[in-house]
Structure formats: C-alpha cells, structure tokens
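Here's the structure we're looking at; comments come further down.
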Amino acid sequence: MKTVLELDHRKAIQAINFFARKEGGKIDKLKVIKLIWLADRRHLRKYGRPIINDTYYAMEYGPVGSSIKDFTSFNMLTKNTETDYLSKYLKQNNNNKIESINEPNMDVFSDSDINTLETVYNEYGKLNGFKLVEISHEYPEWKKFKKVLESKSSTREVMNYKDFFLNPKKTSEKKVLQDDEKTLSNSKKIFEENFQLASYWI
C-alpha cells in the first residue's frame, strides 16, 4: 500500500535532525534511516498513524523510507521549498554522515511524535546501522520480500503499512515494537479509517 496521505517534509527533515543531535551532531545515513523506520512503525502501531507518512520500500538493507533516503542523500529534490528547508538544518558530511547545522524545530511534531522519537532512540540509539538492519530483517513487512530480494530479481518492493501491524514469529527484539492486541486492533482501525478518508481526496 503506497500511502495516499501527503508526506510531511518538515517532519522528515526534523526527524533526521533530531537523531543527528542525539548522536552529537552527526549521524550515519544507514542508522538514521533505520531509526526513522522504527519510530514510524512504533507510532503507527500505538496511535494509528506514522510520524513521517513516507512511502516505504523493502530493500537489501531492510525497510527504507523513500523520501528519507532522498533527504539523507541530498538528491532528487525537485521542490525548492524542500531543498531550502533541508539546507537550513542539515548538510552532508564525509563518511556517509549527515550533519546537523541548526537546532531541531520540535514544534513540527506532536507530543506523541516526540515521545516516540525519544523512546526509539533510548532503546536503539546505542546500536549501529548494520545491527539495526539485522533487526529489521526479523519483521514481517520485510520478510515477505526476503526471497525476491535475495534472489536479486528485484532491488526494492513497495511495503504495505498494514504489515507494520504484524508481529514477528520469532525475534530477539524486546519490548519497544511489541504491543498488546487491543492496542494494535484499535490503532489499525484508526489507520484504516484515516486511509479511507484520505483516499476520497485523490
């Protein structure tokens, strides 16, 4: 399911900026892409909506937000407003790092967004990007494409937000991405209602 809701480029850029600041001002591209997936997954399962509202693809190194990848690569930016906004807060650094050049504007986020970003960093911030890739490979939204990706017959497959509500059958993961069935059911209902409402405006 490619989302019909519009990407919030301010949230996307400020989420990258937030995590860069948590890392002392610079963050590895792979790591921040995975942290934002974790935050979107967590927030969706708890509140019925993702934070960024990106389009996710399953790729060799796990789930990848399409726009987050573009922003961290500083390419394919066709809208001047996005390019200008990005340049106010972030710049490329050597060794695949993204550098924060301005304090994050946290006003773009809701309280639940901020809480989720903090929670995810507290749990996963100590891990490097490749460990986060390993974790992401345990989850259903990526595992459904495991064979086709490993066979190299495809390099990316669009992911379905509904699959984010599924729990892995077996995982070394702990508590952060696990929720009780009632919470998941309620959040999924909210998501489906919002998705249906948004589709009327296409």
Members of the stretch 89-124 that are buried (at least 18 other Cβ atoms within 10 Å of the Cβ) and either more than 18 Å from the chain's Cα centre (by Cα) or without any contact (Cβ under 8 Å) to a residue 12 or more places away in the chain (or both)
89, 100
Could you tell me which of the residues 68, 98 is among the β-branched types (Val, Ile, Thr) and part of a strand (DSSP E or B)?
98
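Taking the criterion of being closer than 24 Å to residue 155 by Cα and out of contact with any helix residue (DSSP H, G or I) (no Cβ under 6 Å at 6 or more places or on another chain), would at least one residue in the stretch 81-94 satisfy it? First the steps, then the outcome.
From the stretch 81-94, those closer than 24 Å to residue 155 by Cα are none; that's our starting set.
No; the residues of the stretch 81-94 include none that is closer than 24 Å to residue 155 by Cα and out of contact with any helix residue (DSSP H, G or I) (no Cβ under 6 Å at 6 or more places or on another chain).
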Pairs needed: first member in the stretch 13-27, surrounded by 18 or more Cβ atoms within 10 Å (Cβ to Cβ); second member anywhere, of a type in the set (D, E, K, R); C-beta distance under 7 Å; at least 6 residues apart or different chains.
20/26; 20/99; 27/97
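Scan the stretch 29-45 and tell me whether some residue there is in a strand (DSSP E or B), of a type in the set (Lys, Arg) and touching a strand residue (DSSP E or B) at 6+ places or on another chain (Cβ under 7 Å). Please lay out each step first, then the result.
Let us first name the residues in the stretch 29-45 that are in a strand (DSSP E or B), namely none.
Within the stretch 29-45, not a single residue is in a strand (DSSP E or B), of a type in the set (Lys, Arg) and touching a strand residue (DSSP E or B) at 6+ places or on another chain (Cβ under 7 Å).
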Options 138, 118, 82: the member that is at negative phi, at pLDDT 95 or above and charged (D, E, K, R):
118
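For the stretch 46-88, how many residues are among the hydroxyl-bearing types (Ser, Thr, Tyr), surrounded by 15 or more Cβ atoms within 10 Å (Cβ to Cβ) and under 29 Å from residue 135 (Cα atoms)? Steps first, answer last, please.
Start the filter on the stretch 46-88 by keeping residues that are among the hydroxyl-bearing types (Ser, Thr, Tyr), which leaves 47, 55-57, 61, 66-67, 72-73, 78, 81, 83, 85, 87.
Pick out the ones that are also surrounded by 15 or more Cβ atoms within 10 Å (Cβ to Cβ) and you get 47, 55-57, 61, 66-67, 72, 85.
Subset that is under 29 Å from residue 135 (Cα atoms): 47, 55-57, 61, 66-67, 72.
Result for the stretch 46-88: 8.
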Out of the residues in the stretch 125-134 that are among the hydrophobic types (A, V, I, L, M, F, W, C) and within 17 Å of residue 68 (Cβ to Cβ), which is surrounded by the most Cβ atoms within 10 Å (Cβ to Cβ)?
132
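The values are calculated or read from the model by the stated rules, or taken from the named source; none is laboratory data. Nothing here was measured: the structure is a model prediction, and the numbers come from that model. Cβ coordinates were reconstructed from backbone atoms using ideal geometry, including for glycine residues, and neighbour counts include every protein chain displayed.
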